[in-house]
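Comments concern the structure below.
The values are calculated or read from the model by the stated rules, or taken from the named source; none is laboratory data. Keep in mind that what you see is a predicted model, and the values were worked out from it rather than measured. Glycine gets a Cβ as well: all are built from the backbone with ideal geometry, and neighbour counts include every protein chain shown. For the accessible areas, the whole protein counts, side chains as well, though only heavy atoms, and no ligand, DNA or RNA atoms are used. Shrake-Rupley method; radii C 1.70, N 1.55, O 1.52, S 1.80 Å.
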Amino acid sequence: MVSILAIETSCDETAAAVVNNRNVCSSIITSQIPVHRQYGGVVPEVASRQHVETINQAIAQALIEANLGWAEIDGIAATCAPGLVGSLLVGFTAAKSLALIHQKPLIGVHHLEGHIYASYLSSPELEPPFLCLLVSGGHTSLIFVKDCGDYEILGETRDDAAGEAFDKVARLLNLSYPGGPEIDRLAAQGNPKAFPLPEGNVGLPGGGYHPYDSSFSGLKTAVWRLVQKLQQEKVDPLPVADIAASFQASVARSLTKRAIACALDYNLKTIAVGGGVAANSGLRSHLQAAAAPHHLQVLFPPLKYCTDNAAMIGCAAADHFRRGHISPLNLGVQSRLSLTNVMSLYCPV
């Protein structure tokens, strides 16, 4: 059994957790949403300062709730890429300091690999190979998970990520930040067939791109034009719930079509979904309904592991640690790093 203290500060959540293999002993998450809501999005410098203020308390609380001392911790893990550089530096510097002070191995973790491992927390029996649909504010990818650290990107977004589109459409509808939960809430009250919104044809036959790529900028623009048209027609009040439902249904259909086609083409029996958009009720219902006739297993993490958290980082780190993957103490943070370069974070075995 491997016990890892993990830290996650890639964006605007200060998180710490203790994970024993695939079992979560503690998980502390301090969200900065109230701080950033007034700006309508994450302000990098503000996020960094907030991490500095809360990181020590989060780590201490994680150890207390896990009821473990430093002698029982096998390694220290933290997200080192990708993300906001200032935010990453706070968490990874803390991890390096603790590794030096307590003479523990350091394990740097790729943030997106953490989202893949979120599915292991709720489904410990899950083993590669499988397909991961990773959908968040900054990423929309279809990933062939072959093994720990061995990934192939089968499809990506050509423009806006799904979560980014949710936030932008929410602003068009004058909804508060973050936009995803607000649209999901309103969509439950609206008619998803009220407005025929387009799905990007990127990745579909004739699209001219990779077979499983996505596009959401056109959909976002279509919502903008719809809102303008309704305002010019003096529709009052604006049917916000119907617009939200129609938009959410279009995103869910687009992601579902590509995920199902990709899984069938690669003969993969399981689709694990990760990232903040994995919490969306429309995507959950669409994908599960479409997968059933093909006898595909679809795994969604619990809502608490969809958004950024340290438990998923600790789970990934534990798997790497068991395989002898340790990071050098001079490893730096990176704002961008392809998931296919995960093994560059570790010393040669």
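Data for the structure
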{"item": "Residue match in region 325-339 (condition: among the small types (Gly, Ala, Ser), within 25 Å of SER26 (Cα to Cα), out of contact with any strand residue (DSSP E or B) (no Cβ under 7 Å at 6 or more places or on another chain) and open to solvent by 10 Å² or more (accessible area, probe 1.4 Å))", "result": "no"}
{"item": "Matching residues in region 303-336 - criterion: being outside any loop (DSSP other than H, G, I, E, B) and among the aliphatic types (A, V, I, L, M)", "result": "LEU303, ALA310, ALA311, MET312, ILE313, ALA316, ALA317, ALA318"}
{"item": "Those strands (runs of 3 or more DSSP E) lying entirely in region 42-158 with at least 1 residues farther than 30 Å from VAL298 by Cβ and open to solvent by less than 20 Å² (accessible area, probe 1.4 Å)", "result": "75-81, 106-110"}
{"item": "Tally, over region 85-112, of residues that are touching an Asp or Glu at 6+ places or on another chain (Cβ under 9 Å) and either of a type in the set (Lys, Arg) or at pLDDT below 95 (or both)", "result": "1"}
{"item": "Residues that are polar (S, T, N, Q), out of contact with any Gly (no Cβ under 6 Å at 6 or more places or on another chain) and not in a helix (DSSP H, G or I), drawn from region 1-41", "result": "SER3, THR14, ASN20, ASN21, ASN23, SER26, SER27, THR30, SER31, GLN32"}
{"item": "So GLY91, is it within 20 Å of the chain's Cα centre (by Cα), touching a residue at least 12 places away in the same chain (Cβ under 8 Å) and on the phi > 0 side of the Ramachandran plot", "result": "no"}
{"item": "Single condition THR14 does not satisfy, out of (1) out of contact with any Cys (no Cβ under 9 Å at 6 or more places or on another chain); (2) open to solvent by 30 Å² or more (accessible area, probe 1.4 Å)", "result": "(2)"}
{"item": "Restricting region 119-157 to residues that are in contact with a Leu (Cβ under 6 Å, 6 or more places away or on another chain) and small (Gly, Ala, Ser), the residue that is farthest from LYS168 (Cα to Cα)", "result": "SER123"}
